[in-house]
Amino acid sequence: MSFLKSALSLLISFSFLSAQAAETDILPDGEGPLQPFEFFGTVTGDIELGYLYTTGNTDSFAIRLNSELVHDLEYFRNRYQLQGLIQKNNILDQDTGDKERKTTANRYGITGQSNYKLVTGRQTIFGRGAYVHDKFGAYTEQASIVVGYGNRLYEKQTSYFDLETGPGFGHQLSSKGVQNTGAIWYLSANLDYALNENSKFRQTLESTMSLRGQNSVFLSRSSITTKLIDKLSMRFNYTVKYNSRPEQNLEGLETETSASFVYTF
């Protein structure tokens, strides 16, 4: 597990250093220059925060945090994502009649990816590292390191559609302490589409398939973001996660629906 964490740290460090490499690379003869960027490129992203508090028959609160940063350079496109979720419920003790606050959800994760643009800028070679810790999930830890090929099949202003695929190495620790480690194949499709000047739709599909017949993970994230005022927006999310081989009586299919405020920069 320490190897995967170290590799992920190196990947993120590499993507920051790529800013200098992007200024010194030279295109092959006969090729026109790509769209020019400043030395540090362009940085876009958002911070998403959701909060839920209920009282009465159900006494609980939940906080959801998600942040995504895109660092676009002349020859590199780097993406970083942080996510977190914590939920606590006051659960009634049938013996004493007292309520005890217990954590019922605790998840955090980090993803770093660097895409090197090949000549046209639409085809890329990428390296990706991801780590998720989910205390109450079917798998407590899920991590992966992937290298592969990507292609931006569609791009118009702020809208785009990407396909990415490649081999890698994965590690999983189940809720019962069983470890699965081995070769995987990664496949993803990412759509970002502007519905109008104030709203956009985003759809992400990811699959991490085990090549050894172990647990495979399929993830779908759908969201609609609507601008409220200036840089503040409202986002509605629907997430589906499927583990093909959950242990014992645990559910393989998990869904999450949420509404959050988003600050865009």
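The values are calculated or read from the model by the stated rules, or taken from the named source; none is laboratory data. From a predicted model like this one, the values you see are computed outputs, not experimental measurements. Using ideal geometry, Cβ is built from the backbone for each residue, glycine included, and neighbour counts are taken over all protein chains shown.
General observations
- Pairs with Cβ under 7 Å, 6+ apart, first in region 167-187 and at pLDDT below 95 and in a loop (DSSP other than H, G, I, E, B), second polar (S, T, N, Q) and surrounded by 13 or more Cβ atoms within 10 Å (Cβ to Cβ): SER175/THR140
- Answer residue from region 209-225, given it is in a strand (DSSP E or B) and among the small types (Gly, Ala, Ser) and is farthest from VAL240 (Cα to Cα) among those: SER210
- Residue within region 200-222 that is over 30 Å from LEU250 (Cβ atoms), at pLDDT 95 or above and hydroxyl-bearing (Ser, Thr, Tyr) present: no
- Yes/no for GLY166 being of a type outside the set (A, V, I, L, M, F, W, C) and in contact with a Phe, Trp or Tyr (Cβ under 6 Å, 6 or more places away or on another chain): yes
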